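Peer 1: Once you've had a glance at the structure underneath, I'll fire off some questions.
The values are calculated or read from the model by the stated rules, or taken from the named source; none is laboratory data. Here the structure is a predicted model, which means the values were calculated and not measured. Please note: Cβ atoms are built from the backbone with ideal geometry, for glycine as well, and neighbour counts cover all protein chains shown.
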Amino acid sequence: MTTHDHGSDPSASDCADFLEQIVYFIDNELDAADCAVVRAHLDSCNPCLERYDLQRTVKSIVARSCSEAAPDELRQRVLLRIREVQVRITDA
Ligand SMILES: [Zn+2]
């Protein structure tokens, strides 16, 4: 599956909705039905999957930085990655 070969390409507005859901998904605040919907979308939508991975990474870094300060360099790199993915999403 490549980004150029979607059978049913999700629309950008769909993705915007899912990006919000992804935050709740990571926090385990969705019920089982919504979880299944988000998971299905992540399976078929690469930008959202990347966004999901990124959010999870950021969350774990933030969680870790509660006990130990996250290195500034690492934080900068993560912020840079977020911007890259956001650009790609708005571009698609
Ligand atoms: Zn999507």
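Peer 1: If you go through region 43-77 one residue at a time, how many are surrounded by 14 or more Cβ atoms within 10 Å (Cβ to Cβ), at pLDDT 85 or above and not acidic (Asp, Glu)?
Peer 2: 11
Peer 1: Applying the selection to region 40-77, what residues are without any contact (Cβ under 8 Å) to a residue 12 or more places away in the chain, charged (D, E, K, R) and in a helix (DSSP H, G or I)?
Peer 2: 43, 53, 64, 72, 73, 77
Peer 1: Okay, next question. Residues being surrounded by 14 or more Cβ atoms within 10 Å (Cβ to Cβ) and more than 10 Å from the chain's Cα centre (by Cα): count how many of those fall in region 26-36.
Peer 2: The first filter runs over region 26-36 and keeps only residues surrounded by 14 or more Cβ atoms within 10 Å (Cβ to Cβ), leaving 26, 30, 35.
Keeping just the survivors that are more than 10 Å from the chain's Cα centre (by Cα) gives 30, 35.
So the answer is 2.
Peer 1: Ok, one more. Please tell me if residue 87 is away from the ligand (no atom under 16 Å from the Cβ) and at pLDDT below 90. Write out each step before concluding.
Peer 2: Numbers: away from the ligand (no atom under 16 Å from the Cβ): no; at pLDDT below 90: yes.
No: the conditions fail for residue 87.
Peer 1: Further question on the same structure: Condition first: more than 19 Å from residue 58 (Cα to Cα) and either within 14 Å of the ligand (Cβ to nearest atom) or outside any helix (DSSP H, G or I) (or both). Now tell me which residues in region 17-37 satisfy that. So that I can check it myself, show each step before the final result.
Peer 2: At the first step, the residues of region 17-37 found to be more than 19 Å from residue 58 (Cα to Cα) are 17, 30-37.
Passing the criteria: 17, 30, 31, 37.
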